[in-house]
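The structure under discussion appears below in the form of structure tokens.
We did not get these values from a lab; they are worked out from the coordinates using the rules stated. Predicted, not measured: the structure shown is a model, and the values here were computed from it. Every residue, glycine as well, gets a Cβ built from its backbone with ideal geometry; the counts of neighbours run over all protein chains shown.
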Amino acid sequence: MTSPSRPSSPNRLPVIASVVFAIAAAGGIGVGLLGVALGGPPATPAGDGRIAWPAATPDPLKRPTAIVPVVPAPALVLTDQDGRPFDLASARGTPALVFFGYTHCPDVCPTTLADVRDAVRRSQVPVRVVFVTIDPARDDAAALKQYLSFYNAGFVGLTGTAAEIRRTADAWGVQFARMDNGSANGYAMAHTADAFLVDAAGRLRDRIWFGAGPDVFVDRIASLAARPIPGDGASPGPVASPPALATPAATPLAAASPSGSPLAAASPSGTPAVGSTTVLPTLTTTVIRIGANRLVMTVADPNNRELAFPDVTAHFTFRDTDAAAPSIAVDGYFIWVSVGNKGAFVVDVVFPVPGAWTGTIALQKSTGPIGAADFPFSVVNRGATPAIGDPAPSIHTPTAADPNAGENLYGITTDVYPDPRFYQFSVDQLLAAHRPFVLTFYSPAYCPTTACGPLLKNMKAIADEFPDVAFVHVEPHAMTNYGGRLMPDYSTGQLEFNDLAKAYGIPVEPFVFVVDAAGRVAASFELIVGSDEIRAAIRAATGGGA
Amino acid sequence: MHTLRRTRLTLVVVASVALLAACSSAAAPPSAAVSVTDAWARSSSATASAAAAYATITNAGATADALVGASSPAAATVEVHETVAMGSPAASSGGMMGMRPIARVEIPAGGSLQLKPGSYHIMLIGLVKDLAVGDTIELTLRFEKTGPITVKAQVRAS
């Protein structure tokens, strides 16, 4: 949280996509501690390879997980267990505990539900409890009603369509994935197990870790009133310091910026005006080097409202801090990260010298300027990944022909619906055959970023359009084949990249490489990529085919 | 002939006593290498698809043993599962809690294994009836070397 993620720290993944910046970016403390709760530094591998939970904190009540600065709770608009519409925003006046789970969950969810049930019974302050299913396929309103009534009939259970649930979970920064683990109980759902505490004014105030126990819940609910918010009014209005994660020192340029601001000086022709909105940029690209780069940036306002839309233009300027190179002005273009839900701006830029640089993003609509912000970043000589024009490293990637692939390919992929085309050829075979290919590193089941879900769907559709191009999917993490299925090798207590990912030096997933018939990297995409960008790169690499 | 029959009978009785001792390990004699204590199940409606039970397994012996399965008259199917933290802790939302069935968990010589919420647990699938607070259910844990150990698990609210 103190410096931008650099390629040298492969486990520091930048926050991206529709993960709530309100939680992730603003709540640095909350996020940091979540890591602790879910296998961060104190969670160590025990001798038998399983994850050992951190020893009991001396005073768990005092473990700081408050969300600072305070931000409005993300949207929560779904259907309750009686089939009625529910909107958390219209339920203000009472604090709410919001957590996600599913009714076929025998261990984690009942533990939290029992903790919360006991806490609500003891709490001096009334609190609304909202349980959101992440398994809408099995959890309809009736199933939720039956399940929750065992704990407290007053608990609200929410369900919706698969799309609604995914959108809601994304907004809350909650991850979930189906695990077909062969249990007689049917598939399991892996999911973020923290509980979120929302105050009576609808602001996200605390994030309570799994296994905290009822005392912590009681304490945190009671302390809502005891923890006043600086400048607290009745409304959850704009908040103090700006959220910033990947670009911690990002400086929003407010409307009242003096006319001599760097933006005014360096801005592209005729757009020195700065709008009235505070723009909080997050640079999601971590590999930035001399030569051609593709930078991706998401933007939100302090209330975590999305600012990247198709009708918004983004002008970028880049200044070398040592002034060894002239400043660069270039327009970005819009892409959807998640169609209709979250967008980003991409800018193609060539950096002539390494070192410290400062970028400025200025957003504009046809009606006038929206706002602008500075963001610092570093340009390195060479990144760990092969640059454009470099030969693609020759690696043997798993194929259906591998003895451990299994009938359904579950021995080499965590994709629940694997597409055989992605496991037909190994990268070394394709390089030897001088065939162009698209190599994608990501883990459908264990990808820690929300950029993977859309990519998985999109890549299969793109593969349909380019029958002459080979597509290769590679799981980037060290995994063990457990009863015919891949499970992460948690020997270090967390996901680690495997040798295949290391051969390509990827610092994050997903990572896509487009390789031409000469075996050279024609394009690469880190983290966030639009389908049209991949299509264009394939056409360019294959001489315009398809 | 008569003497022989008596000897056989004695052997059977001795074997039965030994078997009984193994089965009631909650009150097992100190000589038992593997013991199961503090067994409990979380209260649950029979309509829930699955409930969890927990216990502490101690191996006082000089050789390792392993938990290889479980059964109970309280449920149609019983599996040993492990809840695991998934995902990179440095990632945006930290990670997820996932669950997987476990075929074998070793309990080292002189070691113990705690089955507890958020970790290893016994999954009771298809409850025969509600698990009400105050009830007890029978739980049999199968060990690779020691064989089955049956204990009473209290049903608790949490």
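Seen from every direction in turn and averaged, the convex hull around the alpha carbons of the range B:45-158 projects onto 8.2 nm². The slack in the chain from A:VAL353 to A:ALA401, taken as 0.36 nm per residue of separation less the alpha-carbon distance, amounts to 12.7 nm.
In the range A:87-176, one over the average inverse separation of all distinct C-alpha pairs is 13.5 Å, which is the Kirkwood hydrodynamic radius. Fully extending the segment from A:ARG305 to A:ARG84, taken as 0.36 nm per residue of separation minus the present Cα-Cα distance, adds 76.9 nm. The HN-Hα couplings worked out from phi for the range B:54-59 by the Karplus form 6.51 cos²θ - 1.76 cosθ + 1.60 (θ = phi - 60°) are 9, 5, 10, 10, 10, 10 Hz, whole numbers, x standing for Gly and Pro. Within the range A:339-465, the percentage of alpha carbon pairs spaced more than 24 angstrom apart rounds to 52%.
The label-point distance for A:ASP464 and A:GLN146, in a model that sets each label 7 Å from Cα toward Cβ, rounds to 3.7 nm. Close amide-amide hydrogen proximity is noted between B:MET96 and B:MET86, B:GLY87, each under 5 Å apart and 5 or more residues distant or on a separate chain (H modeled in the peptide plane; Pro and chain starts excluded). When you restrict to C-alpha pairs under 8 Å that are six or more residues apart and normalise by the size of the range A:282-328, the relative contact order lands at 22 percent. Straight-line cross-link reach from B:LYS145 at under 25 Å between alpha-carbon atoms covers these lysines, not counting any fewer than eight positions away in the same chain: B:LYS116.
A simple spin-label model places pseudo-atoms 7 Å from Cα toward Cβ; at A:ALA137 and A:ILE388 they are separated by 4.0 nm.
Taken one residue at a time, the phi angles of the range B:107-118 give Karplus couplings (6.51, -1.76, 1.60, θ = phi - 60°) of 10, x, 4, x, x, 9, 10, 9, 8, 8, x, x Hz. Gly and Pro are set to x.
Would you mind computing Rg(Cα) / (2.2 N^0.38 Å) for the range A:320-413, counting N as its residues? So the Cα radius of gyration is 1.68 times the expected 2.2 N^0.38 Å.
Couplings 3J(HN,Hα) for the range A:159-174, derived from phi with the Karplus relation 6.51 cos²θ - 1.76 cosθ + 1.60 (θ = phi - 60°), are 9, x, 6, 4, 5, 5, 5, 5, 5, 5, 4, 4, 4, 8, x, 9 Hz, where x marks Gly and Pro.
In this structure the amide hydrogen of A:MET179, modeled in the peptide plane, comes within under 5 Å of the amide hydrogens of A:ALA188, A:MET189, A:ALA190, none closer than 5 places in sequence on its chain. Cross-link partners for B:LYS129 among the lysines, with Cα-Cα distance under 22 Å and sequence neighbours closer than 8 places in the same chain left out: A:LYS145, B:LYS152. Scan around A:ARG520 for amide H atoms under 5 Å from its own, H built in the peptide plane at 1.01 Å from N, and keep only partners 5 or more places away or cross-chain. Excluding prolines and chain starts, which carry no amide H, the hits are A:ALA392. Any lysines with Cα under 27 Å of the A:LYS342 Cα? List them, leaving off those in the same chain fewer than 8 positions away. Straight-distance partners of A:LYS342: A:LYS365, A:LYS457, A:LYS460.
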